[in-house]
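Novice: Please read through the structure below; I'll follow up with questions.
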Amino acid sequence: MALVNEYFLRLTESYLFSDIAKKVNAYKLTHPKGNVISLGIGDVTQPLCPAVIKAMHEAVEEMATSAHFHGYGPEHGYDFLREAIVKHDYLSRGVHIDPSEVFINDGAKSDLGNIGDIVRWDNSVGLTDPVYPVYIDSNAMIGRAGTFADGKWSNITYMPTTEANGFDPELPDHRVDMIYLCYPNNPTGTVLTKKQLKRWVDYALKNDSLILFDSAYESYIQDDDIPHSIYEIRGAKKCAIEFRSYSKTAGFTGIRCGYTVIPKEVTATTFDGTQHVELNRLWERRQATKFNGASYISQRAAAAIYTPEGKQQIRETISYYMQNAAIMREHLQQKGLTVYGGTNAPYLWVKTPEGKTSWQFFDELLYSSGVVCTPGVGFGPSGEGFVRLTAFGKREDCIEAMNRIVG
Ligand code: PLP
């Protein structure tokens, strides 16, 4: 008899987006003429840029000839893309990464979920609250999160990221083996300065912890002094793995391509403490067994964003979304609302007025304006009292939504 992985049965159902859909459907039934604008879901709306489209067409043409056809590629990705990443994303910021430290994937979510394969199942985990739910659920699936009671997992240290601490979470007061950090942050849209991020690197080096740094939104950073990569902090190459994605950088949510950087210096220790094992080597081994590479066409598409035209074109789309964010911030503040984020990230974290709960304010925005947001409490207990709005909508929808809210 096959036995089930019972850790899956401990997972809490994620009702957030289905609860939102139910409420929106109920609203539509009672307001059949009402036009609902969704600023809730974090998906992009602008098309791929011309440089990417051209590269994809050329890659398809190559696949149509026996001379240039590509079958299975290297599991860790093609050298042309690894080398472009090293040069344009890292060397340009003074960070030296070797192409062999870059692993191309089919989007950051897969690697963020799978990275747990190469570390022991009983490591302790620290994460910021509110949080991107993949970090929790992927650990819960193999038992690393412990048991779930009173809204929290027993083996997870929750680090509240709140208005009270300026969205700069306190370091844990004890040792944690693995720490997830996401900056610019989803859902709060806030960032850390180099000094603030250095505290985490210093903590990890002192405690022999591993940092899993998700910088899926780094291309939205506007301020020069905000780090795009954790490796801009001295010592981080000894203790951090970095995850990046082309999804929001270049509209690849439907194409699927991203990458993970695992410097050779990053190690984890055997249980008896006698060996420090290179995680780069283990991940290479893991990928060779369980992954057959991102498609050639996606990787050619990704490489095109590093050409001068590609860079310029994706910059224009990012600036379009950031202008949406600026318009939304201005209107919401005009309405007297307190808004965080939206200046170095495509997310706005809006404080609910008059002490309303996240869901109460969600209902209010839906019924008074026909605008859909995401209740902050859906990302964790410290998200209560906030809602998240995304700047990924079409300009006309953002303006219409804001006019309706401000009235
Ligand atoms: N990390 C964060 C914080 C995200 O918000 C997302 C997507 O919304 C991802 C990673 C995953 O991105 P993808 O798998 O599309 O590369």
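Novice: For the structure I just gave you, tell me whether MET159 is over 24 Å from PHE386 (Cβ atoms) and surrounded by 16 or more Cβ atoms within 10 Å (Cβ to Cβ).
Specialist: No.
Novice: From the list GLY73, GLY34, GLY126, GLY42, exactly one residue is touching a Phe, Trp or Tyr at 6+ places or on another chain (Cβ under 8 Å) and buried (at least 21 other Cβ atoms within 10 Å of the Cβ). Which is it?
Specialist: Going through GLY73, GLY34, GLY126, GLY42 in turn, just one is touching a Phe, Trp or Tyr at 6+ places or on another chain (Cβ under 8 Å) and buried (at least 21 other Cβ atoms within 10 Å of the Cβ): GLY126.
Novice: Can you find even one residue in the range 194-217 that is modelled with pLDDT of 95 or more, under 30 Å from TYR306 (Cα atoms) and surrounded by fewer than 16 Cβ atoms within 10 Å (Cβ to Cβ)?
Specialist: Yes - at least one qualifying residue is present in the range 194-217.
Novice: Which residues, taken from the range 184-211, are out of contact with any helix residue (DSSP H, G or I) (no Cβ under 7 Å at 6 or more places or on another chain) and within 16 Å of the ligand (Cβ to nearest atom)?
Specialist: Scanning the range 184-211 gives ASN185, ASN186, THR188, GLY189, THR190, VAL191, LEU192.
Novice: Which one of these does ASN114 not meet: (1) within 16 Å of the ligand (Cβ to nearest atom); (2) in contact (Cβ under 8 Å) with a residue 60 or more places away in the chain; (3) of a type outside the set (A, V, I, L, M); (4) under 22 Å from TYR203 (Cα atoms)?
Specialist: (4)
Novice: In the range 315-325, is there at least one residue being among the aromatic types (Phe, Trp, Tyr), surrounded by fewer than 20 Cβ atoms within 10 Å (Cβ to Cβ) and either part of a helix (DSSP H, G or I) or under 23 Å from the mean Cα position of the chain (by Cα) (or both)?
Specialist: Checked the range 315-325: at least one residue is among the aromatic types (Phe, Trp, Tyr), surrounded by fewer than 20 Cβ atoms within 10 Å (Cβ to Cβ) and either part of a helix (DSSP H, G or I) or under 23 Å from the mean Cα position of the chain (by Cα) (or both).
Novice: If I filter the range 212-233 down to residues being touching a Leu at 6+ places or on another chain (Cβ under 8 Å) and within 11 Å of the ligand (Cβ to nearest atom), which single residue comes out as farthest from TYR183 (Cα to Cα)?
Specialist: Ranking the candidates gives LEU212 first.
Novice: Out of the residues in the range 326-360 that are hydroxyl-bearing (Ser, Thr, Tyr) and not in a helix (DSSP H, G or I), state the one that is surrounded by the most Cβ atoms within 10 Å (Cβ to Cβ).
Specialist: Applying the filter and picking the extreme gives TYR347.
Novice: Take the range 247-300 and flag every residue that is away from the ligand (no atom under 16 Å from the Cβ), outside any helix (DSSP H, G or I) and in contact (Cβ under 8 Å) with a residue 60 or more places away in the chain.
Specialist: ILE262, PRO263, LYS264, ALA268, THR269, PHE271, ASN292
Novice: Something else now. Could you tell me whether THR147 is over 23 Å from ILE305 (Cα atoms) and within 16 Å of the ligand (Cβ to nearest atom)?
Specialist: no
The values are calculated or read from the model by the stated rules, or taken from the named source; none is laboratory data. Predicted model, so just to flag it, every value in this text is computed and none were measured. In this analysis, Cβ positions are derived from the backbone assuming ideal geometry, glycine residues included, and neighbour counts consider all displayed protein chains.
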